[in-house]
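Before any comments, here is the structure.
The values are calculated or read from the model by the stated rules, or taken from the named source; none is laboratory data. Bear in mind that the values here come from a model prediction, so they are computed numbers and not experimental data. Cβ sites come from the backbone with ideal geometry, for glycine too, and all protein chains shown count toward neighbours. Surface areas here come from the heavy atoms of the whole protein model, side chains and all, with no ligands, DNA or RNA. Shrake-Rupley method; radii C 1.70, N 1.55, O 1.52, S 1.80 Å.
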Amino acid sequence: MSERRPLISGNWKMHHNHFEAIQAVQKLSYVLSANDYDAVDVSLHPPFTDLRSVQTVLESDEIPIALGAQHCHWEEKGAFTGEVSAGMLAKLNVSLVIVGHSERREVFGETDDNVNRKVKAVLANGMTPIMCCGETLDEREAGQARDKVERQVLEGLAGLKGDQVAGLVVAYEPIWAIGTGKTATPEDAQEMCATVRNAVRGSWGTEAADSVRIQYGGSVKPVNAPDLMRQSDIDGALVGGASLDPDEFARIIAYRLVG
Ligand code: 13P
């Protein structure tokens with residue numbers, strides 16, 4: 001089995017203006033040490049208006065944190081008021097783009113087909129998609145969680161080659177655990193992340209399944225990160241609220257040293 005390097009990502013959602021963003025990155029880099037970056041990849045996903053400022057801080061201070069975005073459009077350019085293309089993000093040295101977050105799907109009506117086009121646009125511009133999937137509480141209680149997540153994976157990644165799937169990231173985020181303080185148990189999170197990996201294996205083969213990185217997201221905190229990260233099919237975390245506080249986020253990144 002291939003070695004999968006953990007990826008801890010901070011999704012700031014619609015928080016932090018660009019002044020606050022600069023301060024947060026500087027503080028995070030101050031509390032992290034070389035040790036922390038040794039075995040873990042770290043990415044930050046600020047709002048679009050902060051990207052240039054965060055890029056400048058990361059590059060000028062040589063901070064080994066990858067710059068990420070939260071969303072993009074699938075077209076390269078055109079009459080799409082308010083949208084930003086994957087090519088525009090790549091020009092800012094963005095390397096990871098979250099695609100199909102449940103807030104985009106639920107609040108802005110993104111479909112699996114939209115997500116698939118975005119995944120392809122991100123790859124075409126040399127960046128890595130973090131494709132999100134996850135079920136609602138109603139779907140979980142109706143026993144539909146696995147079917148929903150399998151469908152999101154197969155449709156979101158439809159048409160990709162095995163080596164493209166091998167290099168990307170899927171984030172399993174149960175919607176009922178996002179921002180609620182209710183985390184999935186490590187066992188439930190493991191079971192669903194294994195479902196994602198099996199879906200990849202079924203359509204793209206064992207090599208892609210062994211290499212694709214699968215994150216868990218939903219109320220990840222310093223206290224629950226170690227148990228979640230110990231699960232065999234969990235290769236990282238997509239962190240919302242706790243990534244806004246540099247101290248808290250740094251403690252999640254250092255999950256190996258706790259417990
Ligand atoms: P919280 O960590 O705030 O629950 O958010 C999770 C999330 O949606 C990350 O993308």
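Details
- Taking (1) under 16 Å from ARG256 (Cβ atoms); (2) open to solvent by 50 Å² or more (accessible area, probe 1.4 Å) in turn, TYR30 satisfies each apart from (1).
- Highlighted here are the helices (runs of 4 or more DSSP H) found entirely within region 151-249 that include at least 1 residues which are away from the ligand (no atom under 15 Å from the Cβ), open to solvent by less than 10 Å² (accessible area, probe 1.4 Å) and in contact with a strand residue (DSSP E or B) (Cβ under 9 Å, 6 or more places away or on another chain): 186-204.
- The residues of region 33-45 that are over 22 Å from GLN215 (Cβ atoms) and not in a loop (DSSP other than H, G, I, E, B) amount to a single one, ALA34.
Results for (1) within 17 Å of VAL212 (Cα to Cα); (2) without any contact (Cβ under 8 Å) to a residue 24 or more places away in the chain, shown as yes or no for each residue.
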site	(1), (2)
THR136	no, no
GLU141	no, yes
GLU150	yes, no
GLY156	yes, no
PRO174	no, no
THR180	no, no
THR185	no, yes
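Let's see how each residue does on (1) of a type outside the set (A, V, I, L, M); (2) at pLDDT below 95; (3) under 18 Å from the mean Cα position of the chain (by Cα):
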position	(1), (2), (3)
LYS13	yes, no, yes
ILE22	no, no, no
ALA34	no, yes, no
SER43	yes, no, yes
THR49	yes, no, no
ALA69	no, no, yes
GLU75	yes, no, no
